[in-house]
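Computed from the coordinates by the stated procedures, all read-outs in this text should not be read as laboratory data. Not measured: the values here are computed from a predicted model. In this analysis, Cβ positions are derived from the backbone assuming ideal geometry, glycine residues included, and neighbour counts consider all displayed protein chains.
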Amino acid sequence: MPELPEVETVMRGLQLRLEGRHIVRAVANRPDMRWPLPEGLAVRLTGARVTGFRRRGKYILMRLNGGDSVLLHLGMSGRMVLTQERSNLPAPHEHLELETDEGWRVGFVDPRRFGSVDLVPTAAEDRHRLLAALGPEPLEDGFSPASLGAALTGKRTPIKAALLDQKVVAGLGNIYVSEALFRARLSPLRSAYTVPGARAGRLVEAIRDTLREAIAAGGSSLRDYVQPDGSLGYFQHAWKVYGREGEACERCPGPPSCAGVRRIAQSGRSTFYCSPTQR
Ligand SMILES: [Zn+2]
């Protein structure tokens, strides 16, 4: 599932080809994805000029000159596919197609249809039902050791679960939470209420470093972003613990000296961590 850095990379890829351009053709190939597509979506997009982009958590907002923003969420398996080829037929599972005056074609492909598209007045973006409750952006000033500490105070859930809660901090998912907790040397099993204070300071720094590195990796992937199928935002990145069960991490020797990176299930999802160095 795409998390903040992947969404940021997708947004930057779209920005390269769409910002400042007119949409000359828009086609919705089905009436719904996760939720119904807005009434008259294709008509409202056709002829509009794209004035800018913004990311909020895992959402992309594409702003149009008429005062609307298109709210995009990639869901579990959604992809934005950017091509210059003209095709008479939509690709399989391509639910929305846009074409710019420069001939670039963007397809929103989503086999599982957990993704969504909505329209919201640009002036009221933050009041949209999907954005209104989101917590602070981890790379902005509103996210600090004090604000994170306040959000965790009294929470008896494990810190892993607390960080997946988009009301605590926006944009993190299973991968980046594991990575950030590793960097902060905090056990994913630790109760959230024990984190405020010095640990929250370490955690904020670790979250930011983790996200910034991944965004940088995504940015360099954009240079050759015309991947075989034109998909944006899925880049190769070396995780420190995620997906590395049984391997040595950068801080400990691994088997046979220690068990190496462990994988456990928390709320039905995999968590990877180094038990000797994360407390
Ligand atoms: Zn280790």
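Run the numbers on region 77-169 and let me know its relative contact order in percent, using alpha-carbon pairs under 8 Å that are six or more apart.
With pairs under 8 Å counted, the relative contact order is 23 percent.
For the residue pair Thr83 and Met1, what label-to-label distance in nm results when each label sits 7 Å from Cα along the Cα-to-beta-carbon direction?
2.9 nm
Determine the gain in length on full extension of the stretch Ala146-Asn65; use 0.36 nm per residue of separation and subtract their C-alpha separation, reporting nm with one decimal.
Gain in length upon complete extension: 25.3 nm.
Can you list the aspartates and glutamates whose alpha carbon sits under 17 Å from that of Lys160, skipping same-chain ones fewer than 8 residues off?
Within the straight-line cut-off, Lys160 pairs with Glu3, Glu179, Glu205.
Taking the Cβ-Cβ separation of Arg112 and Thr46 as r and a Förster radius of 35 Å, what is the calculated FRET efficiency to the nearest 0.05?
Efficiency at R0 = 35 Å is approximately 0.80.
Estimate the FRET efficiency between Leu16 and Ala259 by the formula 1/(1 + (r/R0)^6), using the beta-carbon distance for r and 35 Å for R0, to the nearest 0.05.
My answer for the efficiency is 0.20.
I need the semi-axes of the equivalent ellipsoid of the chain: take the C-alpha gyration tensor, multiply each eigenvalue by 5, square-root it, list largest first in whole angstrom.
Working: eigenvalues 271, 88, 47 Å².
So the three semi-axes of the chain are 37, 21, 15 Å.
If I fit a long axis through the Cα atoms of helix 198-223 and take the longest principal axis of the Cα atoms of the chain, what angle between them do I get, 0 to 90°, rounded to 10?
Taking the Cα atoms of the chain, the angle to 198-223 is about 40 degrees.
Between Ala123 and Ala217, how high is the FRET efficiency from 1/(1 + (r/R0)^6) when r is the Cβ-Cβ distance and R₀ = 30 Å? Nearest 0.05.
Plugging the Cβ-Cβ distance into 1/(1 + (r/R0)^6) gives 0.30.
Quick one: grab the alpha carbon gyration tensor of region 12-106, order the square roots of its eigenvalues as a ≥ b ≥ c, and give me rounded if a/c is under 1.5, else prolate or oblate depending on whether a/b is larger than b/c. Each step should come with its number before you reach the end.
Values: a/c = 1.22, a/b = 1.02, b/c = 1.19.
Rounded, because the longest to shortest axis ratio a/c is under 1.5.
Can you give the direction-averaged projected area of the convex hull of the alpha-carbon atoms in region 66-125, in nm²?
Result: a mean projected hull area of 4.7 nm².
What shape does region 112-162 have by the C-alpha gyration tensor, where a ≥ b ≥ c are the square roots of the eigenvalues, rounded means a/c under 1.5, and otherwise prolate means a/b greater than b/c and oblate the rest? Intermediate results must be reported in sequence, preceding the final value.
Details: a/c = 2.80, a/b = 1.61, b/c = 1.74.
Note, shape of region 112-162 comes out oblate.
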